[in-house]
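What follows is one structure encoded as structure tokens, with my remarks underneath.
Laboratory data are not the source of any read-out in this text; all were calculated from the coordinates shown. Just so you know, these numbers come straight off a predicted model, no measurement behind them. Don't worry about glycine lacking a Cβ; one is built from the backbone with ideal geometry, like all the others, and counts go over all protein chains shown.
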Amino acid sequence: MTDDSEEKVIIELTKSEALVLFEFLARTSDDDSLKSPDQAERQALWNLECLFEKALVEPFLPNYQELLEQAKRRLKGE
């Protein structure tokens, strides 16, 4: 029997979902407000944040806050 525990999982997100989740993860990891006693959970969230950093250019653009607000409005259906 093979060990599939390290098999890759592909998840598709909209750009809006990715931006909002990136911002949430970045904000909570910076101020440590997402507390978890489980180091594995923290590591998984940090890894996800790193993947967003590699995939997104928007956080490095001068109008990032505006793009983020637009993404939030789209997700809220506005």
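Quick notes
- In summary, the lysines within cross-link reach of residue 8, defined as a Cα separation below 25 angstrom excluding same-chain residues under 8 places away, comprise 54.
- For residue 15 and residue 31, the difference between the fully extended length at 0.36 nm per residue and the C-alpha to C-alpha distance is 3.3 nm.
- GNM remark for the chain: springs join alpha carbons under 10 Å apart, and the peak mean-square fluctuation among 66, 23, 49 falls on 66.
- Candidates 26, 18, 40, ranked by Gaussian network fluctuation over the chain, Cα under 10 Å, top entry: 40
- For the chain, built as a Gaussian network whose Cα springs stay under 10 Å, the top-fluctuating residue of 60, 52, 24: 60
- Rounded to the nearest 20, the Cβ-based charge dipole of the chain about its Cα centre (Lys and Arg +1, Asp and Glu -1) stands at 380 debye.
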